[in-house]
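Worksheet for the structure shown next.
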């Protein structure tokens, strides 16, 4: 049990580091919190909540992975290197595509609800 607690402490410390040192992680988290609040306002169904949780979790998880890839790349390539740039660019593209996907899911879920409330 102690071993599990230690692992959890490492993970919580990683979240703390990401929150304090990774600007883009904070932005994605803020957008997720706003989305959750909006979901409470428009009274999402269980299935809609499931999609929001999956999409939001996917984006913040990929942002964490992207941060780690960037850190490792910086250690392996302390000077400018075209391969390091490609690694970072592709890693950032993964976050971008997940963000676009999450945005599309949000549009599909929220626009009809907002449209209905306006009519």
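Nothing in this text is a laboratory measurement; each read-out follows from the coordinates by a stated rule. Note that the structure is a prediction, hence the values are computed from the model and not measured. Using ideal geometry, Cβ is built from the backbone for each residue, glycine included, and neighbour counts are taken over all protein chains shown.
Go ahead and estimate [θ] at 222 nm for the chain from helices alone: -39,500 (n - 2.57) per DSSP H run with n ≥ 4, summed, over the residue count, rounded to 500.
-32500 deg cm²/dmol
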Return the whole-Å distance between the Cα centroid of region 1-56 and the Cα centroid of region 63-94.
23
Given points 7 Å out from each Cα along the Cα-Cβ axis, report the residue 68 to residue 94 separation in nanometres with one decimal.
0.9
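So for the chain, Kirkwood radius off the Cα pairs, Stokes-Einstein at 4 °C and 1.567 mPa s: how many µm² s⁻¹?
Values: Rh = 16.3 Å.
Value of D from the Cα-based Kirkwood radius: 79 µm²/s.
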Residue with peak Gaussian network fluctuation, the chain [Cα springs, cutoff 10 Å], from 105, 65, 34:
34
For the chain, built as a Gaussian network whose Cα springs stay under 10 Å, the top-fluctuating residue of 27, 100, 83
83
Can you tell me the 0 to 90 degree angle between the C-alpha axis of helix 82-118 and the longest principal axis of the chain, rounded to 10?
10
Could you identify which residue out of 84, 18, 92 has the top mean-square fluctuation in a GNM of the chain using Cα springs shorter than 10 Å?
84
Kindly express, to the nearest 10 degrees and within the range 0 to 90, the angle between helix 46-76's C-alpha long axis and the longest C-alpha principal axis of the chain.
20
How do 3, 26, 86 line up, fewest other C-beta atoms within 10 Å first?
3, 86, 26
